[in-house]
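To start, the structure under review is shown below, and the notes come after it.
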Amino acid sequence: MSSAPVQGLSVQLLAANYLSKNVGLPSFVLSLKPRSLLDISDTRTQEVLVVRDLLYVLIGYEGNYVRYSERYDATRVQDRIRGPEFKTAKHLNVALKSITKKLATYGKWYSGLDNFVQIYDHPNLGRVNQRLCFEIRGFLKEYQKLILEFENHVKQAPLSVTEMDNIIMQRCANTMAHLYEIANTIHMRTEERTESPTFNSFLEFVKQDLEMNGSISSSTDTNKFSVCKGGVVLQLVTERINSYKGDSVAFQFLTQLFDAISTDYVSLLNEWLIEGHIQDPFGEFLIKKNELPANIFYSNMEKYWSELYVVKLDGVPDQLSSKDIQQKILATGKYLNIFRQCSGIISFKDLPEFAQVSSNPIDSLFSPDLHLKIIHSYKMANKLLLRLLLEGYQFQTLIENLHETYLLNKSFQIDKFITAAFHDLSRDKHAVPTARVQRLYDQVVRKPSDEPSYGEPTISDIIPHCEGFSVDTNNFYELAEEIIAIESFDADKEMKDTDSVLNAIKRIVSQSLSRRQASLSESERTRSLHDVDAIDQYTVASVNIDLSLPFPINLIVGDNFVFEYQLLFKLQMLLKYANMATDRTWKEINFSTVWRYRGFHPSVKTSVVKCRALNANVKGFMNLLQSYFNYLIVEDNFLTLLSILEKFSVSASQQVVPQQSSRSEKNFIKSFFNGNDVFDAKINAMSNKQGSSTHSEESFDDVQDLKNHVGTYLNNMLRDAMVTDGKLLLSLHNVLNVVIHINNYMSRLKKSLVLMDERQFAAFRRDMPERFADLEVNPELIGLRAASFKQIVDAYTETFNQAVSDMLFLLRSTSVSENHHLLGFATQLEASVGR
């Protein structure tokens, strides 16, 4: 009685020739012309004839007196899944006509379900749809048995239409109605998806991300399914469950149906949470594995792992709609795959830690402990990866090595390097042989051992081979300004409608390109100037240490963290260079024979004293700045990070205890009954607010938290070092430039001082005639030179004092009032200026 099964289904369900190729159309030819009801006045006889017709109508065929409506087009997919509308003979008894139309509805439903199974029972439409078709087939078989019972009964004794209606109502009417509505909703959604523009759906997902998280997640796939399958079908069934939560019979049937059709989805979820595997050939699961080019694995490991597995935003079951749960599911499988990549382990089920997880998997998306099991698997994956990082790859030792390399914790060797390379570091980077500077750094500071290691290599043995000293095209200030130039936008304001979303994205891209072009043009312009006294072009402002960390450490200390380390290193080198230049000047003006000469004119002596006073002030300021950077910023934050790493190490060594729900019964009920959405939302918000204040204990068992702590450590140092505030950075830039200019000027004064005294000039002219042969000294020239000397020293003194005062004013401004480190530095600086 049923049509032939589908052969070679095409997913394009709306194609004009779809039915002729894939679905067998039913045909029924009447062998005898039926007798007209106009000639039959007996109601009982009419009923007997109608009952015989209904045996066909109830399975979707026409009868003699119950026929298809003219509106029904069997060649259209929509009509086939919707089922045929029936019409009854004109002269049928009114009472019989009413109940016959009702019974014909079951035939319509049967036909629609039968055609739905033919069309949607195909691998390309996913296993959830196939499971649903299996359940529908099982129901249709029971329904066919019922019709066969009617047929056998009719052969033996008369059967009334009322009896048929009552039996169907009792045995299968409600179930059939639910299946029919679900099937038609699925097909309706499929039709909608074929007409929905892809970019609009992308903007819709972006808008949702901004509203829920305040940011756009890069670990998501915004593509929508072309048909209704997988999690989309589960969403539809869940919606129906919520609509019938007051009907216990319907509720029980729908929940059983949901569990039956979600079996494969739950298996995919368990396999991902326990083994990190995805066997999802039809693309139904929450997690998608992308096919990435092989070269990205070696060129950008962090990008590779961030894009290899993503969350598909379309078709997420309601039970997994929480963004936090989605990210935990994504991270769990990702961490397991990272651990497998490093350890070579085949199956995690063999590990003792995973015995409980594998023996007690998730059995239903409606399980009251669904989220608890997901969180437990997430914690287990975190524990494995944390132990791998902290114990296997000695992560704390790595941080200590980076602390020494980039923040110059043990600065004896770097001081030797700056002393040895001081002349090259003071020259324009475009005119310095960088290979010589690199070679000197390697000889003095780096010194990687080439001797074979007979024991297990440590991270300290590996790191020197991952580093490379270089001189960048961009200096410290240019890189810092790139960070400050990054602008944000108000999500609530910009995301009110789709046009605003599109305009916001276009504006961000445009601004990014404009900044890049401006940066490139400025770089080219600066490179062409080659100003010999431009401090920004000094080699010391552009020195850098490149770092290429091995996998999987580079997933924690990624390129962005390395960039922040490099910024801090550049700043530390600038501070040390300025401090060393001040020290060299101090030695020059206090111990040089020319500077200590007592026969100068009183005006020259006064200027020399002012020079020493200015140098003392500069030295005091640089000592204060260097001390603030080394102790209040670097050491304070580093000790905090070390204490956090210790807590992570302790946590990683402890056993993960599964969470137990103290209100499992309430959670079980809540998993089915949502209650009053308005009041539930308010109650949940209040409980979350109270929970956040009462349960403030921080955990140290999350890989992402470890990464966040490292990021906080670096961000705090950059913030306290005045790098992330445009005005403070400009002030720091100005002060350091003034300091270096002052030292440059004083270091070149020795010859000028010789020319301000006749006896010194005569002595030097006698000892070094080639340098003083063309120069003259007389009282008039000495007076002019002394006046110029005084004017320059006074100008430098005023400029330095003004630069320090400007910095102090900015430090006292309201924008940094909540930063106790900057306020502490401001207090010390104010006391120093006062003295």
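Structural remarks
- For C342, solvent-accessible area (1.4 Å; no DNA, RNA or ligand), Å²: 40
- Note on surface exposure: D350, D536 rank D350, D536 by accessible area, highest first, 1.4 Å probe.
- Qualifying trypsin sites (Lys or Arg not before Pro) in the range 699-777, DSSP loop, other Cβ atoms within 10 Å at most 10: R748
- Förster-model FRET efficiency, 22 Å R0, E456 and E391, C-beta, rounded to 0.05: 0.95
- T222, T45, reordered so the largest accessible area comes first (probe 1.4 Å): T45, T222
- Farthest towards the positive end of the charge dipole of the range 765-815, among the residues S805, Q791, L781, is the Cα of S805, using unit charges on the Cβ of Lys, Arg, Asp and Glu.
- Counting only protein heavy atoms and using a 1.4 Å probe, the accessible area of F561 comes to about 20 Å².
- Charge dipole (debye, nearest 20) of the range 198-392; +1 at Cβ of Lys and Arg, -1 at Cβ of Asp and Glu: 300
- Over all orientations, the range 72-197 has a Cα convex hull whose mean projected area works out to 9.5 square nanometres.
- Charge tally in the Cβ shell below 13 Å around Q791, where Lys, Arg are +1 and Asp, Glu are -1, Q791 excluded: +1
- When all protein chains stay in place and ligands, DNA and RNA are ignored, the 1.4 Å accessible-area order of D259, D559, largest first, is D559, D259.
- Among the GluC sites (Glu not before Pro) within the range 251-308, those in coil by DSSP and having at most 12 neighbouring Cβ atoms inside 10 Å are E291.
- Debye, to nearest 20: dipole size of the range 16-195, +1 on Lys, Arg Cβ, -1 on Asp, Glu Cβ: 140
- Accessible area expressed per residue, the range 16-195, with surrounding protein chains retained (probe 1.4 Å, Å²): 50
- Think of the range 114-187 as a dipole: +1 on every Lys or Arg Cβ, -1 on every Asp or Glu Cβ, centred on the Cα centre; then among I186, M176, P158, I186 lies furthest on the positive end.
- Rounded to the nearest 10 Å², the accessible area of I644 at probe 1.4 Å: 30
- Loop-located trypsin sites (Lys or Arg not before Pro) across the range 552-629 with a Cβ neighbour count of 13 or fewer within 10 Å are R596, R598, with loop assigned by DSSP.
- Quotient of Cα Rg and 2.2 N^0.38 Å for the range 198-392, N being how many residues it contains: 1.09
- Net charge over other residues, Cβ less than 11 angstrom from the Cβ of T582 (K, R count +1; D, E count -1): +2
The values are calculated or read from the model by the stated rules, or taken from the named source; none is laboratory data. Note that this is a predicted model, so its numbers are computed, not measured. Reconstructed Cβ throughout: ideal geometry from the backbone, glycine too, with neighbour counts over all protein chains shown. Note: accessible area is taken over every heavy atom of the protein model, side chains too, but ligands, DNA and RNA are not part of it. Shrake-Rupley method; radii C 1.70, N 1.55, O 1.52, S 1.80 Å.
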